[in-house]
Amino acid sequence: MRDGRLSTARASRTPILLLASICALASAGCGGSVVGHWRMMSSSPNRDLFALDDVRFHSDGSYSATATIDGSTQRELGMYEYNGWKLYLRPKGGGQRTFEATLKFSRLELVDRERKVSLKRE
């Protein structure tokens, strides 16, 4: 009888452990860290209007990037914040850009209205 109760207890924990594992993977894929080196894979509507060619997000909240916005390409330094859904870039020169952000393992997609860039972690 004792073995039967033990098997029932294990069986009842299995769905809970499975659910916990799925939640952990989902949060790592969606709300994980963007810290690291990223390179652009694609840009829409085109690279001349909107591109983040090379971005480094540092653990101290700073970033450096080569960015093209409306035909002007420049090296940019500043601070960033990522909350799992949005990425805020605050360049040292002033202002703030806000992107809808989706992080899926080694890919990061940033959307600003009709503009979109896909990055891959190096």
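Descriptive notes on the structure:
- For residue 47, residues with placed amide H under 5 Å, excluding near neighbours: none
- Listed peptides 98-105, 48-55, 67-74 by packing density, highest first (mean Cβ within 10 Å): 48-55, 98-105, 67-74
- When all alpha carbon pairs of the range 36-121 are counted in 5 Å bins from zero, the resulting P(r) reads 3, 15, 27, 33, 17, 4, 0 %.
- Computed from phi, the 3J(HN,Hα) profile of the range 93-103 under the Karplus parametrisation 6.51, -1.76, 1.60 (θ = phi - 60°) reads x, x, x, 8, 10, 10, 10, 5, 10, 10, 10 Hz, with x in place of Gly and Pro.
- Highest mean packing first, where packing is the average number of other Cβ atoms within 10 Å per residue, the peptides 34-45, 86-97 line up as 34-45, 86-97.
Readers should treat all values here as calculations from the given coordinates under stated rules, not as data from a laboratory. Predicted model only: the values in this text are computed from it and were never measured. Please note: Cβ atoms are built from the backbone with ideal geometry, for glycine as well, and neighbour counts cover all protein chains shown.
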